[in-house]
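What follows is a set of notes on a single structure, which appears directly below.
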Amino acid sequence: MRDVKLCLTFLRKTIKYEAPKHISMSWLKNNLSLSWTASEKHPAAAEILLRRDAHRTDSWGNITKHTTSDTSMHHVLVENLLKDTVYQVKIRHRSTKALNPLWSDWSPVVIVPAELEQKPEVTMNITLSNGTRKVALTWKKMPHAATYSLNDTQSSNGCNCTKNRYRNYTTETTYTTFVSYSAVKISVIGRNAAGSSPPAILQVPAVQAAGLKICDNTSDLRERLKKKTYVELYELQDGDSRPENVTHLTAKSTKKKRMDMKDYVRYLYFKHKCVSRKLQTVTMCIYYQKEDAPQREPQNFTAFSETHTSTNLSWKAIPSADQRGFLTHYSLCSVKDSSQDERKECHKISASVMKYRLGNLTQGTKYHVSLVGVTRVGEGPEATLTINTPPEKPVNVLWSLCLLILFFLLTTLCTCILKRIKENIFPAVPTPVIPDFIPFQPESQDFLERKEEVDEMTLLQLHPEGKSVPEDAEESAVLAGEWEEDTDEDEDNERWDSRMSGESSDEGLSPGSTGEALRSSREGEITDVEQLDNEIAMLIYKKGLVFHVKRDSL
């Protein structure tokens, strides 16, 4: 009986734990943290066997440590390992309170993967489609990563059209999701049994819709939203596409949260609905809970490229925080400085325009120009500047003269070059030398009708006085008289006129003077015959008549 009692007492003091279960691990630099389910609330002794997974034939390394415990888990830290190496681990433990503690059975071999030090390398492709955006993600496979987890800010804030509202897991290296037109942040994390990698964060900016208008219907901000309808209000910070403060409103949002929005602050308003399990944006506009006139003027208001009748103006927009309302347009006004009675000319400029050309100005005049921003409540402070249009410059005569001379020289040079080229390509044809011919104009038509005649004439030797003259000589004298008459009509006419006048005078003479007249007449005839003899002795060409003269001595 006593032996039985001793045996029972020994058994009460002997404790053996179950083999470690639900083992988890994580890397802390080069130290490996191991955890498993605690058998008792107090610490235990642990024996750990480990070796590299790449060298499975090597012997096990043995490490004995005391655990730290909380209410449900035992923890132990194995130091001085290589975090980029895969290990095999076995664990057993025993109680530290029992008088006769026994080691538990060994746990199954556990693979401890290497630490994931690098974040995934992810590429993103976005496609817009009818109020929603298809986001396709692709990344490289990470060594030692078993799974990948993905999360986006819309899902985590309750704007989700699927049952899995928070996180998605995949073992693939591609993933496709659908997001709205508002700004979204997507994270991709690689995971294994030893921990997770740093997150790869991708920013999907809000769609920049040009010319957004003021919201005309914001009843959703005052009434309860319908199911599967979401509203997002982004507090804009000077055009930042990633606003810092975002208000998310759902059907479960409280009225107090709706009233936390600020006055005179610009919000980008989005309203989404679930359509075919996709979050689709149905409304996008600018929202102010309360408006006022701008409290600052347009920035950096300057003029440049001034001409005689115009100038260019540029400026920067009023900061969003200082607009205090929806900016409808800018008002640009100009007035001459010459008189107080001058009328101010103003122009409305679109709120999206930052440059303007002011024209129809007067030469040599001073202008005062002002620019103000205008909201639905009123105008803000004005930015001013003064411009002076330059006077018209007179024409530079010397410059014009130089240009004229240069033009003349160029023209002359081009002419010479063209003439030289023309002479080389088309040489000049020599012109035959033809003397001027002046046709003879006859004095009368009768002379044209004359024909050239050739006569033979026999010249007889005249004898001294007292000798008889043959008939042939007389005929020759007669022919000579006729030829002379043909060749010189004027002389013949005068001679015959003198003769006729002599005959008529002879008729009136007395018989006594007849003898003297005959003698003088014969002497004159002899003298004329001698003169005729000398002239006919030469070959004469006169007025188209040619005579072949023959001399016969008597």
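The values are calculated or read from the model by the stated rules, or taken from the named source; none is laboratory data. Since the model is a prediction, treat every value here as computed from it, not as a measurement. Cβ: placed from backbone, ideal geometry, glycine included. Neighbour counts: every protein chain shown. These accessible areas exclude ligands, DNA and RNA; they are computed on the full protein's heavy atoms, side chains included. Shrake-Rupley method; radii C 1.70, N 1.55, O 1.52, S 1.80 Å.
Go through (1) in contact with a Pro (Cβ under 8 Å, 6 or more places away or on another chain); (2) assigned to a strand (DSSP E or B); (3) not polar (S, T, N, Q) one by one and return the number of the condition M142 breaks.
(2)
Considering only residues of segment 118-139 that are of a type in the set (K, R) and out of contact with any Gly (no Cβ under 9 Å at 6 or more places or on another chain), which is most open to solvent (accessible area, probe 1.4 Å)?
K134
Among T375, T389, which is the only one that is touching a residue at least 24 places away in the same chain (Cβ under 8 Å) and closer than 30 Å to A293 by Cβ?
Testing whether each residue is touching a residue at least 24 places away in the same chain (Cβ under 8 Å) and closer than 30 Å to A293 by Cβ leaves just T375.
Return yes or no: is E40 assigned to a loop (DSSP other than H, G, I, E, B), open to solvent by less than 70 Å² (accessible area, probe 1.4 Å) and either of a type in the set (D, E) or modelled with pLDDT under 90 (or both)?
Working: assigned to a loop (DSSP other than H, G, I, E, B): yes; open to solvent by less than 70 Å² (accessible area, probe 1.4 Å): yes; either of a type in the set (D, E) or modelled with pLDDT under 90 (or both): yes.
So E40 fits the description; yes.
For segment 260-274, how many residues are in contact (Cβ under 8 Å) with a residue 60 or more places away in the chain and assigned to a strand (DSSP E or B)?
4
Run down L77, L81, L116, L102 and say which single residue is under 16 Å from A19 (Cβ atoms), in contact with a strand residue (DSSP E or B) (Cβ under 7 Å, 6 or more places away or on another chain) and at pLDDT below 95.
Details: L77 fails: under 16 Å from A19 (Cβ atoms); L81 fails: under 16 Å from A19 (Cβ atoms); L116 fails: under 16 Å from A19 (Cβ atoms).
Result: L102 is the single residue among L77, L81, L116, L102 that is under 16 Å from A19 (Cβ atoms), in contact with a strand residue (DSSP E or B) (Cβ under 7 Å, 6 or more places away or on another chain) and at pLDDT below 95.
Which members of segment 100-112 meet the condition of being buried (at least 19 other Cβ atoms within 10 Å of the Cβ) and in a loop (DSSP other than H, G, I, E, B)? Show your work before the answer.
Filtering segment 100-112 down to residues buried (at least 19 other Cβ atoms within 10 Å of the Cβ) leaves 104, 107, 112.
Scanning segment 100-112 gives S104, S107.
Condition check: open to solvent by 50 Å² or more (accessible area, probe 1.4 Å), touching a residue at least 24 places away in the same chain (Cβ under 8 Å) and assigned to a strand (DSSP E or B). Does T302 satisfy that?
On the way: open to solvent by 50 Å² or more (accessible area, probe 1.4 Å): yes; touching a residue at least 24 places away in the same chain (Cβ under 8 Å): yes; assigned to a strand (DSSP E or B): yes.
In short, yes.
Residue check, N151 against (1) modelled with pLDDT under 90; (2) not in a strand (DSSP E or B), all met but one. Which one?
Only one criterion in (1) modelled with pLDDT under 90; (2) not in a strand (DSSP E or B) is unmet by N151, namely (2).
Quick one: which of E115, E172 is loosely packed, with under 14 Cβ neighbours inside 10 Å, acidic (D, E) and assigned to a loop (DSSP other than H, G, I, E, B)?
E172
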